[in-house]
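First the structure, in the form of structure tokens, and then the observations on it.
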Amino acid sequence: MKLETEMWDIHVGTPHPFNNRSPKIDNGTDRPDHDRDFAREEWDKVFAKSWLIACPVADVAEPGDLFRFDIGDESFIIVRDDDDVIRAHYNVCPHRGSRLVLADFSTLSGFTCPFHSWKFDLDGKNSEVTDENTFQPEVLCHDRDLTSVRCETAAGLVFISMNPDVMPLDEYLGPLKAQLELYQIDDMYVVQHRQSEWGANWKGGVDAFAETYHLHAVHPQTQCLMDDRTQIDLYPNGMSRQFVPFAQPSRRYDDQETVNDGIKMMLSDAGIDPEDFDGSAQETRRAVQLAKRKRSDDLGLNYERFSDTQLSDSTVYSVFPNAQIGCHPEAVSCTGSCPMLRIRTASPMTR
């Protein structure tokens, strides 16, 4: 017997094609394996084969700017070179394997190995071998340059892949690329980076950030100003999108009338004086949407590219295999987990 599942209608305001549900995708019902051996296999078959979000473009805004991206046992240098090209190199000297970059961020004119002081340009080319004349030519006939990996940008984010045969990034992201581009992340700047380590399988971190099912139990304080009953759309290549209603109480919350302090903050952020608002908490979400529309018209923000839902709510994208991007017109937050397991709430970004 097939059970019919209630599909929550979470959208308010003017109908918009952005809010439409995606075609149904069946990802199966098998339970994920959390075995350590299986996790090691995932590294070879998933992380080493996929596109991975390394950092926002804002972290490498100028030539010489670099960001160190660590995932699993690997470390990469994300750098904008002198030709204004963003590149990704393994963070290791080809001579004796020393790490070249230890800082999370830096601005350099090139790289110098701390072990034997071999030097490399930003594009990864070797520029100097210390006492080169003391080496037999046969010893130095191998590639002296840094080993680079695939590196491309999309929607203001830097992606890398260790797989030279990975599919084109545009094809990998599918519909997510155009949707993420609406938020103009490339015009934002990074507010902070945070990292924490969990004693858990990496998929536990991904799962927790990709759903709101736990909010009423784990974060009940959120129920006064956001709903945990959401719309989730699945896309090819393991991608998904979720709409999380903000600026009004969850339907689980007892008080649906009082404009509480959390909602007042959201009203104020939209340019509404909470003391002048005479509606109920059920009306605040729509009020925020209308206020942001007016602000856009007044300031030329071009918010007509957004649906009403996007103006008030969080639109959360899960980017396979390990990242979530929470999007608002004014700011986004990118969170990733990796097999170590580290949780990197990498980039709350704003304009």
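The values are calculated or read from the model by the stated rules, or taken from the named source; none is laboratory data. The shown structure was predicted, so the numbers you read here are calculated from the model rather than taken from an experiment. In this analysis, Cβ positions are derived from the backbone assuming ideal geometry, glycine residues included, and neighbour counts consider all displayed protein chains.
Looking only at the stretch 265-286, filter to residues that are touching a residue at least 24 places away in the same chain (Cβ under 8 Å) and among the small types (Gly, Ala, Ser); which one of those is surrounded by the fewest Cβ atoms within 10 Å (Cβ to Cβ)?
Per the criteria, the residue is Gly271.
Going through the stretch 70-94 one residue at a time, which ones are of a type in the set (Asp, Glu), in a loop (DSSP other than H, G, I, E, B) and at pLDDT below 95?
Step one: list which residues in the stretch 70-94 are of a type in the set (Asp, Glu), which gives 70, 73-74, 81-84.
Filter again for in a loop (DSSP other than H, G, I, E, B), leaving 73, 81-84.
Asp73, the sole residue that qualifies.
Checking Val218 against (1) within 21 Å of the chain's Cα centre (by Cα); (2) β-branched (Val, Ile, Thr); (3) farther than 24 Å from Pro175 by Cα, only one condition comes out false. Which one?
Every condition holds for Val218 apart from (1).
Please specify each residue of the stretch 9-41 satisfying the condition of being among the basic types (Lys, Arg), surrounded by 10 or more Cβ atoms within 10 Å (Cβ to Cβ) and part of a loop (DSSP other than H, G, I, E, B).
Within the stretch 9-41, Arg21 is the sole residue that qualifies.
Go through (1) under 27 Å from Asn201 (Cα atoms); (2) in a loop (DSSP other than H, G, I, E, B) one by one and return the number of the condition Pro114 breaks.
Pro114 satisfies all of (1) under 27 Å from Asn201 (Cα atoms); (2) in a loop (DSSP other than H, G, I, E, B) except (1).
Let's see how each residue does on (1) in contact with a helix residue (DSSP H, G or I) (Cβ under 7 Å, 6 or more places away or on another chain); (2) more than 30 Å from Arg36 (Cβ to Cβ); (3) buried (at least 19 other Cβ atoms within 10 Å of the Cβ); (4) at pLDDT below 95:
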| residue | (1), (2), (3), (4) |
| --- | --- |
| Phe111 | no, yes, yes, no |
| Phe135 | no, yes, no, yes |
| Asp143 | no, yes, no, yes |
| Gly174 | yes, yes, no, no |
| Leu182 | yes, yes, no, no |
| Met188 | yes, yes, yes, yes |
| Gly204 | no, no, no, yes |
| Ala208 | no, no, no, yes |
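Return the pair list, or none, for Cβ contacts closer than 7 Å from residues in the stretch 163-177 that are touching a residue at least 40 places away in the same chain (Cβ under 8 Å) to residues that are surrounded by 14 or more Cβ atoms within 10 Å (Cβ to Cβ) and among the β-branched types (Val, Ile, Thr), at least 6 apart or on different chains.
If the second residue must be surrounded by 14 or more Cβ atoms within 10 Å (Cβ to Cβ) and among the β-branched types (Val, Ile, Thr), the pairs left are Leu176/Val319.
Considering Phe67, Phe115, which residue is buried (at least 19 other Cβ atoms within 10 Å of the Cβ) and at pLDDT 95 or above?
On the way: Phe115 fails: buried (at least 19 other Cβ atoms within 10 Å of the Cβ).
After ruling out the rest, the residue left standing is Phe67.
Identify the single condition in (1) within 22 Å of Gln242 (Cβ to Cβ); (2) in contact with a Leu (Cβ under 8 Å, 6 or more places away or on another chain) that Asp26 does not satisfy, given that it satisfies every other one.
(2)
Which is closer than 30 Å to Asp131 by Cα, out of contact with any strand residue (DSSP E or B) (no Cβ under 6 Å at 6 or more places or on another chain), at pLDDT below 95 and not hydrophobic (A, V, I, L, M, F, W, C), of Gly13, Gly97?
Checking each option against the conditions leaves just Gly97.
Take the residues of the stretch 214-257 that are touching a Gly at 6+ places or on another chain (Cβ under 9 Å) and hydroxyl-bearing (Ser, Thr, Tyr): which is nearest to His328 (Cα to Cα)?
So the residue we want is Thr222.
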